[in-house]
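Contents: one structure, followed by commentary.
The values are calculated or read from the model by the stated rules, or taken from the named source; none is laboratory data. Note that the structure is predicted; figures quoted are calculated from it, not measured. Note that we place each Cβ from the backbone using ideal geometry, even for glycine, and neighbour counts take in every protein chain shown.
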């Protein structure tokens, strides 16, 4: 009996019998496509694992990675898993101050960065006492691969228990310092297996992988899904809407953030014919507008499946895979098998169907806690060990979950609770509006004032005052924005989430004095 709970061992067991079949085909870059077989993934990750093993790293050593997306970067992730160390992916947009914090907080034994960043990253790491800094570029060059090539291409995955640490994901840190969510081999594998069943993964699937791999969506949901199914991936280092649409006739599954769907809808090549072979489009990481949901269905004949998860839990809910018409716009679906989800108020009182409150969850996918933050960890779990997600939402009579917003985004104006999503939904339905963001800013009389920031559709001329006037006719006065602004675009992070903290900072002195 093989009781090794190492995640790589489970993924490797799912590889197809024909190891010389194509596992990953690259679809962008200047040259011809590259083809990686399942044997290549196994051999490449083995050499990297053997390199790491030869470094005599301490038990539980962290390997921090900030590189451009490449198949070799995926092999690095698999190599860290099979060597039994802890993978720490870092957003490629992070700058020196942020990297310095992560290195100081996580104390990695190994850091891998792109060659162009080695000068400043290496200097910062060596100063912090990191012994090993390697480079890895998206053209298959770098010191990591040079050193790994000297090692054997076979390796037995290190023995790990299900609750042993596999990865640390730092949250975006929009309020205060980022927190490192600790995910175990068991967390990752249990969620991958649940999604395998829930979304009907098959060995003959072909996934278009166009997401970053420093984040839950691209690294865990997409990559694990294909690997656990033994399914081929068509690999994009960067998202290009026209190039992705050109590959749809060869694919069956696509995962993207809402922004990617909006960009593809702007292309005339997106047709029902282009999507005829596709069986599943998944959206997540940011709210999907009902307009985008409807436009995609009208154009392609497919209904986007929206789901909900976070760094601390991987995936929590999903709209149904079948029947397709059970997928609901504006809802993130039903709790996944094994996930318990409840809604409670800020005093811990359970709420009834349709009532808005804090979302709390429990399940085998929920993380072990925050790295070196025991007090913060304890604060974020209830007495009966439900994780307080920080998201605000409701569950309807059918069990469908709707996210209303983040608890930190809640606006309290004149003593009344204002949920930004409610107002954003009304604004987004108005003629000429592409999207909006509603935030609360300091106000001398009300404590907080509601402010709306609105993006027009191409060619539309919006009148902010007219939008406010229209809202006054449909919602309570305390919810109506005290000010509204029309802007070309909203600030977003690399996963497409609107950075409301930047909007709050921008307008924080609007009502001062």
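Overview of values
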{"read-out": "Exclusive hit being within 23 Å of residue 292 (Cβ to Cβ) and outside any strand (DSSP E or B), set 510, 462", "value": "462"}
{"read-out": "Looking only at the stretch 82-98, and only at residues there that are part of a loop (DSSP other than H, G, I, E, B) and in contact with a strand residue (DSSP E or B) (Cβ under 8 Å, 6 or more places away or on another chain), the one that is farthest from residue 69 (Cα to Cα)", "value": "85"}
{"read-out": "All strands (runs of 3 or more DSSP E) inside the stretch 300-390 with 2 or more residues being in contact with a helix residue (DSSP H, G or I) (Cβ under 8 Å, 6 or more places away or on another chain) and outside the structural domain of residue 429 (by TED's automatic domain parsing)", "value": "305-310, 314-318"}
{"read-out": "Any hit, the stretch 152-170, residues being at pLDDT below 95 and either in a helix (DSSP H, G or I) or buried (at least 16 other Cβ atoms within 10 Å of the Cβ) (or both)", "value": "yes"}
{"read-out": "Exclusive hit being assigned to a strand (DSSP E or B) and farther than 27 Å from residue 418 by Cβ, set 255, 278", "value": "255"}
{"read-out": "Failed item, numbered, when residue 302 is tested on (1) buried (at least 22 other Cβ atoms within 10 Å of the Cβ); (2) at pLDDT 95 or above", "value": "(1)"}
{"read-out": "Sole exception among (1) at pLDDT 95 or above; (2) surrounded by 22 or more Cβ atoms within 10 Å (Cβ to Cβ) for residue 285, by number", "value": "(1)"}
{"read-out": "Qualifying residue in the stretch 328-340 (condition: surrounded by fewer than 14 Cβ atoms within 10 Å (Cβ to Cβ) and farther than 22 Å from residue 217 by Cα)", "value": "no"}
{"read-out": "Residue ID - farthest from residue 70 (Cα to Cα), chosen from residues in the stretch 114-137 that are touching a helix residue (DSSP H, G or I) at 6+ places or on another chain (Cβ under 8 Å) and part of a loop (DSSP other than H, G, I, E, B)", "value": "128"}
{"read-out": "Strands (runs of 3 or more DSSP E) wholly inside the stretch 1-78 containing at least 2 residues that are in contact with a helix residue (DSSP H, G or I) (Cβ under 6 Å, 6 or more places away or on another chain)", "value": "22-26, 62-66"}
{"read-out": "Among (1) buried (at least 17 other Cβ atoms within 10 Å of the Cβ); (2) assigned to a helix (DSSP H, G or I); (3) in contact with a helix residue (DSSP H, G or I) (Cβ under 8 Å, 6 or more places away or on another chain), the one test that residue 490 misses", "value": "(2)"}
{"read-out": "Candidate set: the stretch 209-223, residues that are farther than 21 Å from residue 247 by Cβ and in a loop (DSSP other than H, G, I, E, B); chosen: the one modelled with the highest pLDDT", "value": "214"}
{"read-out": "Conditions (1) modelled with pLDDT under 90; (2) not in a loop (DSSP other than H, G, I, E, B): number failed by residue 434", "value": "(1)"}
{"read-out": "Any hit, the stretch 471-480, residues being under 22 Å from residue 262 (Cβ atoms), modelled with pLDDT under 95 and in a helix (DSSP H, G or I)", "value": "no"}
{"read-out": "Among the residues listed as 271, 292, the single one being on the phi < 0 side of the Ramachandran plot, in contact with a helix residue (DSSP H, G or I) (Cβ under 9 Å, 6 or more places away or on another chain) and part of a loop (DSSP other than H, G, I, E, B)", "value": "271"}
{"read-out": "Residue check, residue 57 farther than 23 Å from residue 231 by Cα, touching a strand residue (DSSP E or B) at 6+ places or on another chain (Cβ under 8 Å) and either assigned by TED's automatic domain parsing to the domain that holds residue 105 or surrounded by fewer than 16 Cβ atoms within 10 Å (Cβ to Cβ) (or both)", "value": "yes"}
{"read-out": "Counted residues, the stretch 305-326 - those being surrounded by fewer than 20 Cβ atoms within 10 Å (Cβ to Cβ) and without any contact (Cβ under 8 Å) to a residue 40 or more places away in the chain", "value": "5"}
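To keep it simple, each residue is scored yes or no on (1) under 23 Å from the mean Cα position of the chain (by Cα); (2) modelled with pLDDT under 95; (3) more than 30 Å from residue 214 (Cα to Cα).
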residue	(1), (2), (3)
418	no, yes, yes
446	no, yes, yes
451	no, no, yes
456	no, no, yes
486	no, no, yes
497	yes, yes, no
512	no, yes, yes
